[in-house]
1. I'm trying to understand the selection: among the residues of segment 43-72, which are farther than 16 Å from Gln226 by Cα, assigned to a loop (DSSP other than H, G, I, E, B) and touching an Asp or Glu at 6+ places or on another chain (Cβ under 9 Å)?
2. Please work out if Met116 is part of a helix (DSSP H, G or I), under 25 Å from the mean Cα position of the chain (by Cα) and either in contact (Cβ under 8 Å) with a residue 60 or more places away in the chain or exposed (fewer than 14 other Cβ atoms within 10 Å of the Cβ) (or both).
3. Out of Met245, Met138, I need the residue that is over 29 Å from Ile16 (Cβ atoms) and surrounded by 13 or more Cβ atoms within 10 Å (Cβ to Cβ). Which one?
4. Does Thr51 qualify as being over 15 Å from the mean Cα position of the chain (by Cα) and modelled with pLDDT under 95?
5. May I ask you to verify whether Glu136 is free of Cβ contacts under 8 Å to residues at least 40 places away in the same chain, more than 18 Å from Asn222 (Cα to Cα) and not hydroxyl-bearing (Ser, Thr, Tyr)?
6. Quick one: is Arg80 among the charged types (D, E, K, R) and modelled with pLDDT of 95 or more?
7. Does Ile242 meet the test of being of a type in the set (A, V, I, L, M) and in contact with a strand residue (DSSP E or B) (Cβ under 9 Å, 6 or more places away or on another chain)?
8. Within segment 79-90, which residues are farther than 23 Å from Gly42 by Cβ and surrounded by 11 or more Cβ atoms within 10 Å (Cβ to Cβ)?
Amino acid sequence: MIQRSKGYSWRKSLTIADIKEVIDTVKSINKDLIVMVDNCYGEFIETKEPTDVGADIMAGSLIKNPGGGLALTGGYIAGRADLVELISYRLTSPGIGKECGLTFGTSRSVLQGFFMAPYVVSQAVMGAIFCARAFEKMGYDVLPKYDDVRSDIIQIVRLKDAKEVIAFCQGIQAAAPVDSYVKPEPWAMPGYDDEVIMAAGAFIQGSSIELSADAPIRPPYNVYFQGGLTFDHSKMGTLKAIQYMKNSK
């Protein structure tokens, strides 16, 4: 199993070339091993996807890149037909698989979102580059650098302390189209070792192709910025984050 995106780690996300190298190595040892890629945050960043370079199966979320900000919920699984069929038996039941199942009227938003996704992702990437350059100029470490090759939409900014992390996220929230009046605070979120703060005033709850930011409250105080359905909105989020950090001093 390969996770393309960096998660809460200070590392570059894996490029398609990196993924190909791993898969080629694995398959050279045992060609029958199944390679699965968690493709979240990486869709439409490059001209190829993991299944183009030997991944047997890949999966991702429709409230991230491939939903284009329109899909209301759900995820996708793509790859080898026999593996997709086996997975579908877990979704419904053996023998039924993909032949039956509800879409709850979401087919139009899923397909329209998928159609819009490459453009929306390009806007989020531009926003991440803007954020990286702005904070570089302010003297902060960032990953990736503004001119680095990118393999996902996530931008890490290494801040000085918890107070700056909270102010950054509150600035992102203030730029949101929904619940902009809310001030997010760190809390003991289930599944995390540290308190986590999350900022997202999105039209679709939990959507991280929309403008959002989150961070575990622990040294070295990395905050993770992503999304923006338009470059202008992503840029406004960066400026609001800077404004709130300055006002908190």
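1. Glu49, Gly54, Ala55
2. Answer is no for this residue.
3. Testing whether each residue is over 29 Å from Ile16 (Cβ atoms) and surrounded by 13 or more Cβ atoms within 10 Å (Cβ to Cβ) leaves just Met245.
4. no
5. no
6. For Arg80, the condition - among the charged types (D, E, K, R) and modelled with pLDDT of 95 or more - is met.
7. When the stated conditions are applied, Ile242 does not pass them.
8. Glu85, Leu86, Ser88, Tyr89, listed by residue number.
The values are calculated or read from the model by the stated rules, or taken from the named source; none is laboratory data. In this text the structure is predicted, and so the values were computed from the model without any measurement. Cβ atoms come from the backbone with ideal geometry, glycine included; neighbour counts cover every protein chain shown.
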